[in-house]
Amino acid sequence: MPASRQPRVNFVRFVYDGDSSEPSLPLPPGGVPAGSAQIEHLFQRYFQSQGLVSDPTAFDGRSDYGPFIENEVAAGGLFVPPTNGACDDIFNLSNTSLNQMSDAAAHAGWTLARSQSPITQELTATASRAKKAKRAKRGKVWKYQGPFRLR
């Protein structure tokens, strides 16, 4: 598709800096709770797997996650800054932004819900153990009666 006909991307995929790796960004007053870095990495890996670029944004407690981090509960998430232009309304939403960010949120929710490890551990280790368990399960011989598996 010629560059002149390609849709413009008018948004940024921001991921909260849960590992405090960006020195120019402010930190929450009480520090970053354990597990927040793993949430950030989960979002970063998702966007990388989709060939999408993301940038860090301040994880300083200024949003609805503030009470969680004040109580040392792991938190993380995505942020798309509002443009607040005179033409911004419900009729000119970026469907691309909405699709990409909601897919990332769904992926994170699904991954965390399926994890059997504490959030403070890297989720890649959890995924590796889950794959090994699945392979081991395949080696079992199941008994069937017609199309039904017996327990």
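Just so you know, all these numbers are worked out from the coordinates, no wet-lab data involved. None of the values given here were measured: they were computed from a predicted structure. In this analysis, Cβ positions are derived from the backbone assuming ideal geometry, glycine residues included, and neighbour counts consider all displayed protein chains.
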Equivalent ellipsoid semi-axes - Cα gyration tensor, region 36-86, angstrom: 21, 19, 7
Relative contact order [Cα under 8 Å, 6+ residues apart], region 19-116, whole percent: 32 percent
For V15, net neighbour charge (Lys/Arg +1, Asp/Glu -1) across residues whose Cβ lies under 11 Å away: -3
Calculated SAXS-style log₁₀ I(q)/I(0) at q = 0.17, 0.18, 0.25 Å⁻¹ - region 36-120, Debye, Cα scatterers: -0.83, -0.92, -1.35
Computed magnitude of the charge dipole of region 52-105 (debye, nearest 20; Cβ of K, R +1, Cβ of D, E -1): 100 debye
Sequence-distant residues sharing a close amide H with T57 (under 5 Å, placed H): V15, Y16, D17
